[in-house]
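Read through the structure below, which is laid out as structure tokens, and then see the notes.
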Amino acid sequence: MSMQLNRQLPLPADLKAQYPLSPAIQALKARRDQEIRAVFEGRSDKFLVIVGPCSADNQDAVLEYVHRLAEVNEAVKDRLVLIPRVYTNKPRTTGQGYKGMLHQPSPDKAPDLLEGIIAIRRMHIRVMEECGLTAADEMLYPENRSYLDDVLCYEAVGARSVENQQHRLTASGMDIPVGMKNPTSGDLSVMLNSIQAAQSSHNFLYRGWDATTEGNPLAHAILRGGVDKYGTCVPNYHYEDLMRLCELYQGRDLKNPAAIVDVNHSNSDKKYKEQVRIVSEVLHSRRYDPRVRALVKGVMIESYLEEGSQPIEGERIYGKSITDPCLGWADTRKLLFHIAENV
């Protein structure tokens, strides 16, 4: 056989029983969920900032980052809702390279999925217990989200997954906001089809069960730019792009029209310092037009303790990305206060 089954992993319910949430943390999760839901439903004028490393590759560095983020959150919480990116699964365009903490709890060691699912659950719980924040992750593998569905406050479906049926149907059964990224082609109709599917009810096969979902009214768009047939990045964060998305939303019977602007990836051509300028332009567009203000609920920023990125091989700098390049903490802190002053 070309596929070898190594070992059976624990059921999500068993892992949750082994690493449970305290009543205090469950209450924190409920409060955060309601605060974020109010933004997407238009009952709150707060602005969402989903910010953190491209990939959560080192538990100590991630926790140090989120501790710093929590301090800023206390200063800006009347205007912003800060959601740390704790991305434990990393999609790879060619299938090669570091695939995230789920696969490798330590980037220097061989993949270990059992240790990985334990490590990512423990890390998300530590974020909640130590920092008072709940985090976002990417739904790279729909069946694996069951290990984290009681801790996450936000999930994203990536540009390479957004057309996948299982991602769409799984998102329809979630009770937290799920952002559907436009595909790498930049085709907004694909993204909107995915949102429509996620907002609808479905019956399908999930983890060996016959499952029925009610639909997720908090499914929404994430604009991350695209790439044309020549491999050139084509951004979609400009005012004209945001207005176009407004018009496309109006042509569909969708609940809670909303968008998050991912200011890195193809919007910045992975020039990580461009994120500062792009955020400022998005904020200007929101101030200029009330329709854009109502649509754009937040931004997504890639940021870590140290700016840039580094190869995974050899000696590494603590708190510096081993995947996509990120904004450093000093620039991030200034940017967060700038956002709070201009929303």
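Kindly indicate the residue of segment 202-216 that is without any contact (Cβ under 8 Å) to a residue 60 or more places away in the chain and not in a strand (DSSP E or B) and also surrounded by the fewest Cβ atoms within 10 Å (Cβ to Cβ) among those meeting that condition.
G208
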Would you confirm, using the coordinates I've provided, whether N267 is outside any helix (DSSP H, G or I), within 19 Å of the chain's Cα centre (by Cα) and either at pLDDT 95 or above or farther than 25 Å from M191 by Cα (or both)?
no
Hey, K271 farther than 21 Å from L82 by Cβ, of a type in the set (K, R) and touching a strand residue (DSSP E or B) at 6+ places or on another chain (Cβ under 7 Å) or not:
no
Residue in segment 251-259 that is among the acidic types (D, E), in a loop (DSSP other than H, G, I, E, B) and either within 23 Å of A38 (Cβ to Cβ) or modelled with pLDDT under 95 (or both) present:
yes
Those helices (runs of 4 or more DSSP H) completely within segment 1-96 that have 1 or more residues that are of a type in the set (A, V, I, L, M, F, W, C) and under 26 Å from K181 (Cα atoms) are 23-40, 59-76
If you check every pair at least six apart or on different chains, which have Cβ atoms under 6 Å apart with a residue in segment 85-107 that is more than 17 Å from S303 (Cα to Cα) and touching a residue at least 24 places away in the same chain (Cβ under 8 Å) first and a residue that is of a type in the set (D, E) and crowded, with 21+ Cβ neighbours inside 10 Å second?
P107/D57
Matching residues, segment 1-44, being surrounded by 12 or more Cβ atoms within 10 Å (Cβ to Cβ), closer than 25 Å to P111 by Cα and in contact (Cβ under 8 Å) with a residue 60 or more places away in the chain:
L9, P10, P12, L15, K16, Y19
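The values are calculated or read from the model by the stated rules, or taken from the named source; none is laboratory data. Just so it is clear, the model here is predicted, and its values are computed rather than measured. Using ideal geometry, Cβ is built from the backbone for each residue, glycine included, and neighbour counts are taken over all protein chains shown.
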